[in-house]
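Take a look at the structure set out below.
The values are calculated or read from the model by the stated rules, or taken from the named source; none is laboratory data. Please read these numbers as outputs of a predicted model, since none were measured by experiment. FYI the Cβ positions are ideal-geometry reconstructions off the backbone, even for glycines, and counts take in every protein chain you see. The accessibility values were calculated without ligands, DNA or RNA, using every heavy atom of the protein model including side chains. Shrake-Rupley method; radii C 1.70, N 1.55, O 1.52, S 1.80 Å.
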Amino acid sequence: MATQTDSRVPQIGQRNKKGQLVTDPNELFFLSPRTPSFLTGSEVIREAIRRASVDFSVAYPITPQSEASSLVGELYAEGYVGDYMRGESEFAVMGECAGAAFAGARVFTTTAGPGTLRAFENFPMWAGSRLPIQVVFTVRGVNSPLTIQPDTLEIAFMLETGMLLWHAESAQDLFDFMLKGYYVAEQPEVHLPIGVICDGFFVTHTKDMVMMTPEDRTLPHYDPYRSPVVCMDMEVPPVRMMRDPFVMKSNYISYMTHASWQLEIRAAIERSRKHTIPLLDGLIEVENSDAEIMLVASGTAVSQAREAIRLFRDKGVRVGLVKIKTLRPFPTEEIRKATEHAKHIFVPEFNVAGWLAREIKSTIDRNHRVVAGPHVAGGMTMPPEIIVEEIEKHMAHRRNKELVHG
Amino acid sequence: MKKRINIRMSGLGGQGVVTSAHLMAMAASHEGKFAISNPFFGAEKRMAPAESYVRIGEEKIYDRGELVFPHVVMVYHPQVITMGKSYTMPFYSGIKDGGLIIINDDIELLTEEEKEDLAKKKITVYYVPATKIALELAGTELATNMGMLGALAGLTHAVTMDGLDKALQDRFGKKYVASGGTATLDEAIKKKFAKKEMLLQKNLETIRRTFDEAEAFAKKNPTFAVNVS
Amino acid sequence: MYNVAEVNAEACVAQKGCRLCIMYCPEANCIQLDTQKMKAVIVESRCKGCELCVVVCDAAKHNAIKMVAR
Amino acid sequence: MANRIQINKEFVDIMPQDYLDLVENGTFESPNRGWKDFGTATELIAEHSLCAGCPESIAFRHIMASIPNPEDTVMVGSTGCTSLVFPMIAVHNIHSLFGNQNAIATGLKRALAVRFPDRVKDVIVLAGDGATVDIGLDMTLQSWFRKERFTTICFDNELYANTGGQESGLMQKGFLAKMAPVGKRFDKVRLPEIARESGCDYVAIMTASKPSLVEKVIKQAVLIAREVGPTYIQIYTPCILEIGKQSMEGLQEMRTSEAPGERFKFREFISPEAQSFLDGLAEKKKAEKIAATT
């Protein structure tokens, strides 16, 4: 077995060709000094990749991720990324990423909206092939007529692909999720693709303060020989894989194989919890858990909810918040517990479908407490004032109903 | 809620409204304040409506996206008002009571109806001929945004001259990654001045002029205060 | 019941360098060369009965292979 | 790098017999491997479930016998009849989706180059005509435009065999097929010519009727892809089932189609760069031979 350490790959404590110190992940995440930097989300993507020892990255332009993938290209020119190319379409890009991941490389790409959907067939293939590729989805509208505005509908399509899905609230989340995402996704018992999602423009094009790890420290390289499936580099002796390929066979062995493999992917998602919880300080974050009114949200909607809570606080109304960090694995138990005392649960979302509200409704008991909304869609922002107004309207309506019905 | 100032900058593509929002936020951030800036999310084209937003405050700011309820509305080009080249109608839609409007011109642009409406909301309207000053001091209308920033800082003291100076150094003094159109304009303005220092100095002079004038106006109008909530 | 190829060792000219059936068999390691006897041998469990070996052998007028029922 | 393919001694007693055979009698690391190993060596392809008499399996055997460095070769397939064979070959191989094989190979080849900068790692794509020319044409061509260093082999059976004989871009004009109920209305796509114009340094169109020719072409294509640029081979592997032939008629069908003036008459394009590379190889071989005899 060719599991010998490749002498070409610098190990922890050594420096890579750019002079970066290869650092133990936990040390990098928690002990490295952090310095504040005022950056756009796109720049944050570049900075995370600079520190991620990425072997291969594929780019294709689509608003709003184009800037980020161009910046990764600059990193390649500087020598921080092994190889980099412009693909021909998102479908091909994801294929190119898959090929590189099959070959044992750490891979990065990013896309958005229509690009995500064009590439779609690849994502369950990645998961089924256990390729720990990281893709940053800078979500935007997918509807016709053409839009380039932020809208989180595309996430609804991603939920059952078998990928890990983490939803960043801010540029800071984006930076941390990208680095920690590689660590979790590459664990042998997880080994799945990860989608780090950020809301297009609201994160990518907004300048915000981010606490950055040092530029001269980087994650250890990916070790493809820790993969639960064979890395396709002919370094491990080949084996004829099957006597009888499962494809296009209708027999119980084939059914069982496909069923158990799908369940295994889902089990691997669940097994990612134990690595994710300490790294992200839980799959959710809770504020004012004793409040009767709770807001449950992910992504930028969390930020807007935080501001709404401040406005309520000024009015003397206590409102709580559950921030969902990971959509897959879905923090079912955590949300149940955090909303136990809530009488009214509002789910603000940047899409018309209300997919997050649906997820929550199917998760908690007494789900009549869940109000799907407020919603904005098509790129509109959700001013905190509007959240407050919507909630007040709803509460007044409820009070009136109670009065009428005694 | 602790003090917060939300500024909406409306202009035309190529006038540097996005750059000004970033500069403003960078200046505030240099002064230890919290700030977030972002452009309007669209395919901006030269001379088409363009908008950007900056939020500055004393505690962490989460709010992002376009500003629906601003304290300050800045008009970088008269056509924002006269030709309705604005994302919202009227251009001051959503402005908070006691707010401030800064317009780049030296002639009256508002209708009687609009003036009445603004008076009811106790809005201060301040005219600054930023493009004229830019041409006079920097020799290019590309410094219009500098003039606008000076006026904004002079009126609100949301940031200091020192903060703006540092932000300018950040933006033009080192390698900066800008998207397509912005990068082209950056090149244009750099060519205008032989040296980077010259560019920085001329920009700063423009800011200083409008800052001083605006600060004097604020002193002379003691009733005026941006009602920062 | 199905047909498989069978080599008549007496008629097979593998010792003269003929490899036609081995070359054109679509199955891997189905027709082998017995290097002691220098004759082609059929691995019956791998033979799908396509008769291509018969075709090439007959075309060369060796007529050493025929299909037999198993 | 000798003897890379071996079994850990501790595991020998639990390894299946055919795996032991493969390691003992396979042709890994054999410098002059080729179709002549047939009959005496364990082939790098095992029992497969293609139809009796399928010319595709003949071609597959010839190719597996001819690739110059199987111990450092990774293959990429696509959906179709070949997916019934790939699980049974003894080199690492990837099936991902239908039509994206050249994109997969692009990432694969580049990542292998990043990981093994000082070693040869060959990548070979093998897919049907539907995958290569119809659904995957974009990725096929783009990989050639970009001069990606791998070999693309198209098993051209002029229809979609695995789904039941539908019209494909490489089907002949006028052919009556499913989804071409009144006959195919346009010409067979001229992919070899397109390949030449798209940046391939070596192009060949042929049938699998002559193992020695397949061997020569495959070796040239892989070596040129390794050192010069992309290469493309289109091999006629008729689907006897769908064109109404008997299992023993596949070879004759190939021979008929490669006759002078027929559509699979052997043609080859070699770019000047590839030619000078081949000349260099020939000279080297000659020198070695002379050195060996003196």
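Tabulated values for the structure
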item: In the range C:44-68, residue nearest to the other protein chains (Cβ to nearest Cβ) [restricted to those that are open to solvent by 50 Å² or more (accessible area, probe 1.4 Å) and touching a strand residue (DSSP E or B) at 6+ places or on another chain (Cβ under 7 Å)]; result: C:GLU51
item: Output for the range B:7-34, where each listed residue is open to solvent by 10 Å² or more (accessible area, probe 1.4 Å) and either within 19 Å of B:ALA167 (Cβ to Cβ) or aromatic (Phe, Trp, Tyr) (or both); result: B:GLN15, B:GLY16, B:VAL18, B:THR19, B:HIS22, B:MET26, B:SER29, B:HIS30, B:GLU31, B:GLY32, B:LYS33, B:PHE34
item: Condition met for D:GLY244 (more than 14 Å from chain C (Cβ to nearest Cβ), open to solvent by 30 Å² or more (accessible area, probe 1.4 Å) and outside any helix (DSSP H, G or I)); result: yes
item: Candidates A:ILE364, A:ILE386, A:ILE309, filtered to the one that is away from chain B (no Cβ under 14 Å) and of a type in the set (A, V, I, L, M); result: A:ILE364
item: Qualifying residue in the range D:84-98 (condition: more than 28 Å from D:SER30 (Cα to Cα), open to solvent by less than 50 Å² (accessible area, probe 1.4 Å) and in contact with a Ser or Thr (Cβ under 8 Å, 6 or more places away or on another chain)); result: yes
item: Residue match in the range D:196-219 (condition: at pLDDT below 95 and open to solvent by 40 Å² or more (accessible area, probe 1.4 Å)); result: no
item: Selected residue (only one of B:ILE56, B:ILE36, B:ILE101, B:ILE95 is touching a residue at least 24 places away in the same chain (Cβ under 8 Å), more than 14 Å from chain A (Cβ to nearest Cβ) and among the β-branched types (Val, Ile, Thr)); result: B:ILE101
item: Elements of type strands (runs of 3 or more DSSP E) contained in the range A:315-406, each with 3 or more residues being free of Cβ contacts under 8 Å to residues at least 60 places away in the same chain and not assigned by TED's automatic domain parsing to the domain that holds A:GLY181; result: A:319-324, A:344-349, A:370-375
item: Residues of the range D:81-109 classified as at pLDDT below 95 and part of a helix (DSSP H, G or I), total; result: 7
item: Failed item in (1) touching a Lys or Arg at 6+ places or on another chain (Cβ under 6 Å); (2) open to solvent by 10 Å² or more (accessible area, probe 1.4 Å); (3) modelled with pLDDT of 90 or more, with B:GLY57 passing the rest; result: (2)
item: B:LEU118 vs. criteria over 14 Å from the mean Cα position of the chain (by Cα) and open to solvent by less than 20 Å² (accessible area, probe 1.4 Å); result: yes
item: Test result for A:ALA52, under 20 Å from the mean Cα position of the chain (by Cα), part of a loop (DSSP other than H, G, I, E, B) and of a type in the set (A, V, I, L, M, F, W, C); result: yes
item: Among (1) without any contact (Cβ under 8 Å) to a residue 60 or more places away in the chain; (2) more than 7 Å from chain D (Cβ to nearest Cβ); (3) crowded, with 17+ Cβ neighbours inside 10 Å; (4) in contact with a Cys (Cβ under 7 Å, 6 or more places away or on another chain) - the single one C:CYS18 does not satisfy; result: (4)
item: Which listed residue is more than 8 Å from chain C (Cβ to nearest Cβ), open to solvent by 60 Å² or more (accessible area, probe 1.4 Å) and closer than 25 Å to C:MET38 by Cβ, from D:ASN8, D:ASN3, D:ASN25; result: D:ASN25
item: Pairs, first under 15 Å from D:PRO70 (Cβ atoms) in the range D:1-18, second modelled with pLDDT under 85 and open to solvent by less than 100 Å² (accessible area, probe 1.4 Å), C-beta under 6 Å, six or more apart; result: D:ILE5/A:PRO237
item: Among residues of the range D:220-239, those that are among the hydrophobic types (A, V, I, L, M, F, W, C), more than 15 Å from the chain's Cα centre (by Cα) and open to solvent by 30 Å² or more (accessible area, probe 1.4 Å), counted; result: 1
item: Residue satisfying condition, being touching a residue at least 24 places away in the same chain (Cβ under 8 Å), more than 30 Å from A:VAL107 (Cα to Cα) and within 7 Å of chain A (Cβ to nearest Cβ), within set D:ALA52, D:ALA46; result: D:ALA46
item: Output for the range A:89-144, where each listed residue is under 27 Å from A:GLY378 (Cα atoms) and among the charged types (D, E, K, R); result: A:GLU90, A:ARG118, A:GLU121, A:ARG140
item: Within the range D:264-278, tally of residues that are touching a helix residue (DSSP H, G or I) at 6+ places or on another chain (Cβ under 8 Å) and open to solvent by 70 Å² or more (accessible area, probe 1.4 Å); result: 2
item: D:LYS121 out of contact with any helix residue (DSSP H, G or I) (no Cβ under 7 Å at 6 or more places or on another chain) and not acidic (Asp, Glu); result: no
item: Verdict on D:HIS62 being within 12 Å of chain C (Cβ to nearest Cβ), buried (at least 24 other Cβ atoms within 10 Å of the Cβ) and modelled with pLDDT under 95; result: no
item: Those residues of the range D:121-157 which are farther than 13 Å from D:PRO230 by Cβ, surrounded by 24 or more Cβ atoms within 10 Å (Cβ to Cβ) and more than 16 Å from the chain's Cα centre (by Cα), in sequence order; result: D:GLY136
item: Which numbered condition A:GLU88 fails, given (1) open to solvent by less than 30 Å² (accessible area, probe 1.4 Å); (2) assigned to a loop (DSSP other than H, G, I, E, B); (3) more than 8 Å from chain D (Cβ to nearest Cβ); (4) out of contact with any Leu (no Cβ under 8 Å at 6 or more places or on another chain); result: (3)
item: For D:ARG119: the one exception among (1) in a loop (DSSP other than H, G, I, E, B); (2) within 22 Å of A:ALA119 (Cα to Cα); result: (2)
item: Any hit, the range A:200-211, residues being within 14 Å of chain B (Cβ to nearest Cβ), part of a strand (DSSP E or B) and closer than 24 Å to A:ASN16 by Cβ; result: yes
item: Exclusive hit being under 27 Å from A:ILE148 (Cβ atoms), surrounded by fewer than 22 Cβ atoms within 10 Å (Cβ to Cβ) and among the polar types (S, T, N, Q), set A:SER57, A:SER32, A:SER70, A:SER42; result: A:SER70
item: Wholly within the range A:98-184, strands (runs of 3 or more DSSP E) carrying at least 3 residues that are under 27 Å from A:GLN262 (Cβ atoms) and within 14 Å of chain D (Cβ to nearest Cβ); result: A:107-111
